[in-house]
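Notes to accompany the following structure.
Throughout, read-outs are computed from the coordinates displayed, never taken from laboratory work. Computed from a prediction, not measured in an experiment: that's the story for all the values here. Reconstructed Cβ throughout: ideal geometry from the backbone, glycine too, with neighbour counts over all protein chains shown.
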Amino acid sequence: MVRHLNSSTGPVPETASTDSPQDEGPSPISPATVRELHENAPAADAAKPPVIEFRNVTKTYGDGYTAIENITFHVDDVAGKGEFVTLLGPSGCGKSTILRLIAGLTPQHPATSGEVLIVGKPVAGPGPDRGMVFQDYIAFDNRSVLDNVAFGLECQGVGTDERYERARKVIAQVGLNADRDAYKYPHQLSGGMRQRVAIAGTLILRPKIILMDEPFGALDPATRYRMQDLIVNLWRDLEATVFFVTHSVEEAVYLGDRTMIFSPGPGRLLQQLEVPPPDRPAKSMQREPGFLEVVYAIKDMVDKLESPLAKD
Amino acid sequence: MASSTRSIFALRAAPSPVIGRLIGVLSVAALILVWYLITLGAAESRVVSPAILPTPLEVGRRLLTLITGGSDAEGSTLALNIAASLKRVISGFFLAFIVGVPLGIIAGVSGPVRAALAPHALFMRNIPLAALIPLTMVSFGIDEQQKTMFIFLAVAPFLMGDAMVAIVRVPDKYVETAQTRGASTFQIITKVLIPLAMPAIYSSMRTLFGLAVGYIMLAELVNADLGLGHMLLVGQRRSDLPTIFATLVVIATLAFFVDKLLQLLQGKIFPYRPAED
């Protein structure tokens, strides 16, 4: 039914990875291409610790509320390539808690029990190696686009000329005009543009891990597709591991190499799925019948996993 | 379409700027007309006795004399009196600024400092303004220093409190974004919290400066030989009602223009956040 999608979509779209090594045209996508990952498999290389590893992590707050319970997963460190992990689940399932534990942000950090390891070392607090992009497009109101993007370098004491030069490059990378937009203030920008500024401010530091907490949740659908394409293109030459929280199954399946599905109250990791990579533009790929079948299959799976009858 | 034909009496609708201004002018004219009518005629036949209310014409004439540089009974011009009052406000306010704002920022940044300062701030804010007059007179005499300290004590606790609140209200997400970009605690304070709190601190300063311009009259009722408050006192001593009324008009107008000036500066200092009225 969906076997010959690549031939039916006509010519390969221009954003379909001109620089991707395994560029043999888009592969067909169907529920059969989704594979379940199991956490009992040991890390591929014992000498090389995983980029991110959660070992039986539980977070309970002072008032007794448990946000996440016994979460275990790892993301291997593959040389020259980062994994794009999307986190999916209803509100209150602890997706943001996991992101903030990785980032080392209070009050989620530190975990009540279990270990959160980044390249083998426990998280001590926030740092520039783990960039974070929030939903509400955080750009410093008092700084121009240029100074917003250069903020991290400024904190490191990088000289004005060098940090502006690097900031201009990143501003262009995220699809803003380095000449026209660089001196604008955040209040003069649209939501999508502000989010590009926030992404640029993180990218300029070349973090090993990028954490994105529903970054496109408040954008209109057309802008959202454009931003998804942007992320896919940026990520290709970034070599960073991305953790991306979303409410949208379509977004999770499109962007992710791996999708983690969580259930609420308290947050538990239900399943990890390997999903097809985004090798076509967001708008066209997310309309393909094969893609939609995968989305529906995951939606059904989530419904089943969440229904009270399925619980033990 | 519906909005263009909307009646100006529509619920909660704001009239157009021109109509709005016109209504404002008419309203003032109506007040002056009523004032004129109740002070019309010979002193004995007026609705309101001249011992209570002068005629608008008398007040207008006095105002004109004051503005055109005529000196008052003591030989001081209006400009000199305004300058004297503003000088006292500015010196006291400046002192309140250099003490109150840094303290407020430290209290906003640090929870323990906030907890330590809270009872003092609460105490200071609840002292009635008028009670500061005898207090400052005992401690600082009855000259210029006392008037400066009066404004300082009246303003500083509020300025500190507002600066503290402004820092506390900067959303966590800004701090967290800075942290994940490698900013140190000191950098977060100087590069994120203070710049983002400044517009709110400035707004508070604007309001407090306007209040201080009003407060100084209270201090000038005691041992001042210049100042708008002193003008009021002289008017009262001589039962010179037109001078008192004219001075009140001057005070209100001055306060209005000072606020407009501060608002204009706000737009210049903080171009990234449009000044609110």
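A few comments on the model shown:
- For the protein assembly as shown: rounded, prolate or oblate by the Cα gyration tensor [a/c cutoff 1.5]: prolate
- Along region A:223-228 the Karplus relation, 6.51 cos²θ - 1.76 cosθ + 1.60 evaluated at θ = phi - 60°, assigns HN-Hα couplings of 4, 4, 4, 4, 5, 5 Hz to successive residues, with x for each Gly and Pro.
- Between B:S239 and B:T190, the FRET efficiency estimated from the beta carbon spacing at R0 = 60 angstrom works out to 0.55.
- Divide the volume of the convex hull around the Cα atoms of chain B by the residue count and you get 203 Å³ per residue.
- 37 °C / 0.692 mPa s Stokes-Einstein diffusion coefficient of region A:47-204, Kirkwood radius on C-alpha pairs, µm²/s: 188
- Partner lysines for A:K81 [C-alpha distance under 23 Å; skip if fewer than 8 residues away on the same chain]: A:K48, A:K121, A:K169, A:K208
- Per-residue ellipticity at 222 nm, computed for chain B from helices alone with -39500 (n - 2.57) per DSSP H run of at least four residues, works out to -23500 deg cm²/dmol.
- Global form of region B:1-70, assessed from the alpha-carbon gyration tensor, a/c cut-off 1.5: oblate
- Rounded if a/c under 1.5, otherwise prolate or oblate - region B:210-253, Cα gyration tensor axes: oblate
- For region A:188-201, 3J(HN,Hα) per residue [Karplus equation, 6.51 cos²θ - 1.76 cosθ + 1.60, θ = phi - 60°, Hz, x = Gly/Pro]: 8, 10, 6, x, x, 5, 4, 5, 4, 4, 5, 5, 4, x
- Stokes-Einstein diffusion coefficient of region A:82-139, Kirkwood radius over Cα pairs, 20 °C, 1.002 mPa s, in µm²/s: 169
- Neighbour counts of other Cβ atoms within 10 Å put B:S27, B:S204 in the fewest-to-most order B:S27, B:S204.
- Average projection area in nm² (convex hull over Cα atoms of region A:155-299, one quarter of hull surface): 10.4
- Neighbour-count ranking [beta-carbon atoms within 10 angstrom, fewest first] of B:S203, B:S7, B:S139, A:S96: B:S7, B:S139, B:S203, A:S96
- Against the compact-protein benchmark of 2.2 N^0.38 Å, the Cα-based radius of gyration of region A:219-312 scales to 1.15.
- Highest to lowest packing among A:178-184, B:244-250, A:61-67, scored as the average C-beta count within 10 Å: B:244-250, A:178-184, A:61-67
- Taking the Cα centre of the protein assembly as shown as origin and assigning +1 to Lys and Arg Cβ atoms and -1 to Asp and Glu Cβ atoms, the resulting dipole is close to 1500 debye.
- Size descriptors for region B:161-277, from the alpha-carbon set: Rg then Dmax equal 20.8, 69 Å.
- Ordering B:M164, B:G210, B:P195 by Cα displacement along the dipole of region B:153-277 toward the positive end leaves B:P195 in first place; charges were set at the Cβ atoms of Lys, Arg (+1) and Asp, Glu (-1).
- Alpha-carbon geometry of region B:173-233: the Rg and the Dmax are 20.8, 61 Å, given in that order.
- The mean number of Cβ atoms from other chains found within 10 Å of a Cβ in peptide A:132-144 is 5, as a whole number.
- DSSP beta bridges in the protein assembly as shown [antiparallel fraction, %, rounded to 5]: 55
- Residue-averaged beta-carbon neighbours from other chains (10 angstrom radius) around B:188-201: 2
- At 1.567 mPa s and 4 °C, Stokes D of region B:92-228 from Kirkwood alpha-carbon radius, µm² per second: 80
- In this structure the amide hydrogen of A:I68, modeled in the peptide plane, comes within under 5 Å of the amide hydrogens of A:K59, A:G267, none closer than 5 places in sequence on its chain.
- Looking at region A:212-312 alone, DSSP beta bridges between its own residues are antiparallel in about 75 percent of cases.
- Square roots of 5 times each gyration tensor eigenvalue, C-alpha, region B:138-191, largest first, Å: 40, 11, 6
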